[in-house]
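To keep things clear, I will list the structure first and then write my remarks on it.
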Amino acid sequence: AQSVTQLGSHVSVSEGALVLLRCNYSSSVPPYLFWYVQYPNQGLQLLLKYTSAATLVKGINGFEAEFKKSETSFHLTKPSAHMSDAAEYFCAVKVDSSYKLIFGSGTRLLVRP
Amino acid sequence: EPEVTQTPSHQVTQMGQEVILRCVPISNHLYFYWYRQILGQKVEFLVSFYNNEISEKSEIFDDQFSVERPDGSNFTLKIRSTKLEDSAMYFCASSGSGNSPLHFGNGTRLTVT
């Protein structure tokens, strides 16, 4: 069975600082991995996806994530945080044999001025 | 950019009543989904729908739930007899293929009193 663990329910950074949101997955078969962002009172918006083409994936708004099979990780990073990045971020996993996305519990990113 | 639209944004109903949550997926998408997020908990998969039938469902999606694509544009989730624990944010999503990223609507907040 697949699962996703996001370490840290809340992460607080200063504006301009590095953002690192952690995601570890469990899957017995090659996974598809996704990061979604949720702004208040809105739906889930796709940030980026890993589908085995390249281990370093670039997404929207300056975010990127690196797939590390040896560490079963897919951490999300951004070199310099902006106030507008404050939101909740969800990591999700999917496999070929299933239609469903399995989400992590989410990490709320707070950006301090 | 095309988007998934959900109505209503907020639905309040009494326990035991039937509710229908409505969604208009992106027009050229073929796969449709419902997810829910109970306050403070993970986003959970409910059901996927393709080619006019359910392709996968979770253990949450019991006999109280049903989905329908009544015409070429709408996709609905019906809860026959609502319970207090059905209170949650319900997200509709669609995708162009089974492995494409999901596009989510802004959700319907269902409150059962």
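Each residue in A:Ser105, A:Ser9 was given a count of other beta-carbon atoms within 10 angstrom of its own, and listing them fewest first yields A:Ser9, A:Ser105.
Contact order, relative form, for region A:1-46: 36 percent (alpha carbon pairs under 8 Å, 6 or more residues apart, mean separation divided by residue count). From least to most packed, judged by other beta carbons within 10 angstrom and beginning with the fewest, B:Lys83, B:Lys57 follow the order B:Lys83, B:Lys57.
Please order B:Ser58, B:Ser97 by the number of other Cβ within 10 Å, starting at the fewest.
If I rank by nearby Cβ atoms, fewest first, I get B:Ser97, B:Ser58.
Cross-link pairs exceeding 18 Å between alpha carbons, from the set A:Lys94/B:Lys57; A:Lys49/A:Lys78; A:Lys100/B:Lys42; A:Lys68/A:Lys100: A:Lys68/A:Lys100.
Summing charges over all other residues whose Cβ lies under 13 Å from the Cβ of B:Arg80, with Lys and Arg as +1 and Asp and Glu as -1, gives -3. Look at the dipole of chain A built from charges on Cβ: of A:Leu21, A:Gln45, A:Ser98, the Cα furthest out on the positive end belongs to A:Ser98. The A:Asn61 and B:Thr13 beta-carbon pair, evaluated with R₀ = 30 Å, returns a calculated FRET efficiency of approximately 0.20.
Given Cα pairs under 8 Å that are at least 6 residues apart, what percent is the relative contact order of chain A?
Contact order relative to length: 38 percent.
Chain B gives an Rg/Rh value of 0.94, both radii derived from C-alpha positions and Rh following Kirkwood.
Starting from the Cα of A:Ser97, step 7 Å toward the Cβ, then list every residue of region B:54-88 with an amide N under 16 Å from that point. Within reach of a label on A:Ser97: B:56-57.
Its Cα centre serving as origin, chain B has a Cβ charge dipole (Lys and Arg +1, Asp and Glu -1) of approximately 200 debye.
List the equivalent ellipsoid semi-axes of region A:30-113 in whole Å, largest first, each obtained as the square root of 5λ for an eigenvalue λ of the Cα gyration tensor.
Sorted largest first and rounded, they come to 22, 15, 10 Å.
Each Lys and Arg contributes +1 and each Asp and Glu -1, all at the Cβ; summed about the Cα centre of the protein assembly as shown, the dipole is approximately 380 debye.
Read the figures in this text as sums done on the coordinates, not as results from a lab. Note that this is a predicted model, so its numbers are computed, not measured. Ideal geometry is used to build each Cβ from the backbone, glycine not excepted, and the neighbour counts take in all protein chains shown.
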